[in-house]
Amino acid sequence: MFVSDLSVEKWNGNRNEGDLIENPNWSQIETAMRELDGKSKTLVTLGADDETYMSIGGGNLGKYVVTATFDNLNFHTLVDLSKPDETEKLVVGGQEGIYPAKMCVDLLRCLLAARTFTESGTLDSLLSWEEDKSLVVA
């Protein structure tokens with residue numbers, strides 16, 4: 001498997017009491033993703049190394065935000081291009097944020113993206129991804 005660790009946030013007030021699982025299996029990863037509730041459990045990170053990881057956040061109302069990076073500079077966001085040009089509120093990483101609706105995807109897309117990343121270290125080509133090029137490194 002490509003992924004070497006699974007980080008699971010669990011917020012208790014303003015403290016993160018989450019876990020780090022070394023060499024997780026797919027069952028542990030899927031369970032962590034399904035437990036995201038947008039309240040106390042708001043972020044799961046699948047890590048390969050310090051610069052390569054996928055984060056899945058949210059969970060409230062069955063909506064999730066998925067991002068991945070291979071160099072910690074360029075980020076790819078999973079999108080649903082059929083969504084309207086609106087915004088939605090999600091709690092990710094313990095903080096409420098406003099996201100474009102197209103970034104708020106369903107659990108099935110999240111699971112497919114995470115499974116492909118976990119097994120092969122790639123972005124699933126059957127899904128739609130947008131690259132965030134707003135970060136400029138001098």
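Computed from the coordinates by the stated procedures, all read-outs in this text should not be read as laboratory data. Bear in mind the structure is a predicted one, so any value in this text is a computation, not a measurement. Ideal geometry is used to build each Cβ from the backbone, glycine not excepted, and the neighbour counts take in all protein chains shown.
Given bins 5 angstrom wide, list per bin the percent of all Cα-Cα distances in the stretch 60-138, short to long.
Result, from short to long distances: 3, 14, 24, 25, 20, 11, 3, 0 percent.
What FRET efficiency comes out for the pair Asp80/Glu131, r = Cβ-Cβ distance, R0 = 22 Å, nearest 0.05?
0.85
Which entries of Lys41/Lys102; Lys63/Lys102; Lys39/Lys63 have Cα-Cα distances beyond 19 Å here?
Lys41/Lys102
If one computes P(r) from the Cα atoms of the stretch 34-80, what percent of pairs lie at distances over 18 Å?
31
On the principal axes of its Cα set, how long, how wide and how thick is the chain? Give whole Å, largest value first.
38, 35, 33
Dimensions of the stretch 1-40 along principal axes (Cα, Å, largest first)?
34, 17, 10
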